[in-house]
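Enquirer: This structure is in structure tokens; I'll ask about it shortly.
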């Protein structure tokens, strides 16, 4: 008998097979071993080796093909964007960011997205449909504007941030190069800076990171919850936070962390030379390909959080992501939505949906009235 998650996995796999097919094939073929070298590239799937690479191996944060290098390219070559920083500058910016994304900061941001959820999901209570990707863009753009204290149009900001990432990050993943990508990236970066009203690279980096991870993660999590019939867990106040963490673990918005070794070392017993490229497979380290999401039996926090990195390279927005998804699940749970249409985004920097439309399920009579 098929698991209730079979349909969910089948649909979610499409974001890789149709949007990033070469990446998915490479990772699927190499995951039989925890660490594997292919020429000058070391693929890391094992959880312990993944942590070791992020916490013990010196990493070149500015090299081409890394997150830092891609962030620079996405922002037109500007440095100082957190991902590419070292030492005191990196620590100072992380501390400042942690204040805005800590417990108190996230509570303030909830007051921004909660009214948007009420308004955005209202059509479900009237028998209508909701396009979840468009809603995720508005949520992400609004949160960025609030976090940075900018008056930009949230949807325009989200579109510009997505365009900047798509024109650069995607070119660092396996696949054929896209003609004109550099010029496209420059135009997208300039548009983003214009909407933000300044040329601060850290502000632009936050917009790119927050928008792209949110727009990738939220719709995929909603689709999985609908396909696997997890709305009962989503409606349970005790289970819901754990379910949100589980859905983020299995969907792994940033499934691969590209890095470059800055010096010789070893990862999972595999020798690494300075200059070697590392592909740290977050979705495999977190067991996303093996263990279905379940708020009643969640993976341990040491595993679930690996999709957000580890140690000094952990994502400072992890709390925001978990709380925001939990609020989305809470708002959707009374409607028991089902997916009516889904279309993969083939150009996005991260695997995700271009369109995901839902309507209320059969048990949602009177919900939202």
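Enquirer: Of everything in region 333-361, what is touching a helix residue (DSSP H, G or I) at 6+ places or on another chain (Cβ under 6 Å) and over 16 Å from residue 218 (Cβ atoms)? Give them in sequence order.
Expert: 336, 338, 347, 360
Enquirer: Here is a follow-up. Checking residue 343 against (1) farther than 18 Å from residue 132 by Cβ; (2) without any contact (Cβ under 8 Å) to a residue 24 or more places away in the chain: exactly one of these is not met. Which one?
Expert: (1)
Enquirer: Kindly indicate which of 221, 209, 237 is in a helix (DSSP H, G or I) and either within 29 Å of residue 4 (Cβ to Cβ) or touching a helix residue (DSSP H, G or I) at 6+ places or on another chain (Cβ under 6 Å) (or both).
Expert: Of the residues listed, the single one that is in a helix (DSSP H, G or I) and either within 29 Å of residue 4 (Cβ to Cβ) or touching a helix residue (DSSP H, G or I) at 6+ places or on another chain (Cβ under 6 Å) (or both) is 221.
Enquirer: It is to be established whether one or more residues within region 109-132 are in contact with a strand residue (DSSP E or B) (Cβ under 9 Å, 6 or more places away or on another chain), surrounded by 16 or more Cβ atoms within 10 Å (Cβ to Cβ) and either under 30 Å from residue 28 (Cα atoms) or modelled with pLDDT under 90 (or both).
Expert: Looking through region 109-132, at least one residue is in contact with a strand residue (DSSP E or B) (Cβ under 9 Å, 6 or more places away or on another chain), surrounded by 16 or more Cβ atoms within 10 Å (Cβ to Cβ) and either under 30 Å from residue 28 (Cα atoms) or modelled with pLDDT under 90 (or both).
Enquirer: Does residue 244 satisfy the criteria of being modelled with pLDDT under 95 and closer than 30 Å to residue 13 by Cβ?
Expert: It is false that residue 244 is modelled with pLDDT under 95 and closer than 30 Å to residue 13 by Cβ.
Enquirer: Oh, and also: Could you list, in sequence order, all residues of region 199-222 that are more than 23 Å from residue 280 (Cβ to Cβ) and surrounded by 24 or more Cβ atoms within 10 Å (Cβ to Cβ)?
Expert: Those that are more than 23 Å from residue 280 (Cβ to Cβ) and surrounded by 24 or more Cβ atoms within 10 Å (Cβ to Cβ): 204, 207, 218, 219, 222.
Enquirer: Going residue by residue through region 6-19, is there one that turns out to be part of a helix (DSSP H, G or I), out of contact with any helix residue (DSSP H, G or I) (no Cβ under 6 Å at 6 or more places or on another chain) and under 28 Å from residue 264 (Cα atoms)?
Expert: Checking region 6-19: not a single residue is part of a helix (DSSP H, G or I), out of contact with any helix residue (DSSP H, G or I) (no Cβ under 6 Å at 6 or more places or on another chain) and under 28 Å from residue 264 (Cα atoms).
Enquirer: Also, quick follow-up: Give me the pairs, please: first residue somewhere in region 322-338 and at positive phi and in contact (Cβ under 8 Å) with a residue 24 or more places away in the chain, second residue anywhere and in a helix (DSSP H, G or I) and surrounded by fewer than 24 Cβ atoms within 10 Å (Cβ to Cβ), beta-carbon distance under 8 Å, and either six or more positions apart or on two chains.
Expert: 336/231
Enquirer: Determine which single condition residue 292 fails, assuming it passes every other condition in (1) within 29 Å of residue 144 (Cα to Cα); (2) in contact (Cβ under 8 Å) with a residue 40 or more places away in the chain.
Expert: Just one mismatch for residue 292, condition (1).
Enquirer: Could you look through region 174-192, keep only residues that are in contact with a helix residue (DSSP H, G or I) (Cβ under 6 Å, 6 or more places away or on another chain) and at pLDDT 75 or above, and pick out the one that is nearest to residue 347 (Cα to Cα)?
Expert: Among those residues, the one meeting the criterion is 188.
Enquirer: Is there a residue in region 326-337 that is at pLDDT 95 or above, part of a loop (DSSP other than H, G, I, E, B) and buried (at least 18 other Cβ atoms within 10 Å of the Cβ)?
Expert: Checked against the condition, which is being at pLDDT 95 or above, part of a loop (DSSP other than H, G, I, E, B) and buried (at least 18 other Cβ atoms within 10 Å of the Cβ), region 326-337 yields at least one hit.
Enquirer: Take the residues in region 252-304 that are at positive phi and within 24 Å of the chain's Cα centre (by Cα); name whichever of them is surrounded by the most Cβ atoms within 10 Å (Cβ to Cβ).
Expert: It comes out as 252.
Enquirer: If you check residue 130 against the conditions, is it assigned to a helix (DSSP H, G or I) and over 19 Å from the mean Cα position of the chain (by Cα)?
Expert: no
Enquirer: Related question: Just name the residue that is farthest from residue 256 (Cα to Cα) out of those in region 22-60 that are free of Cβ contacts under 8 Å to residues at least 60 places away in the same chain and out of contact with any strand residue (DSSP E or B) (no Cβ under 6 Å at 6 or more places or on another chain).
Expert: This residue is 39.
Enquirer: Could you please find all residues in region 136-162 being buried (at least 23 other Cβ atoms within 10 Å of the Cβ) and more than 16 Å from residue 109 (Cα to Cα)?
Expert: 157, 158, 160, 161, 162
The values are calculated or read from the model by the stated rules, or taken from the named source; none is laboratory data. What you are looking at is a predicted structure, and each value in this text was computed from that prediction instead of being measured. Please note: Cβ atoms are built from the backbone with ideal geometry, for glycine as well, and neighbour counts cover all protein chains shown.
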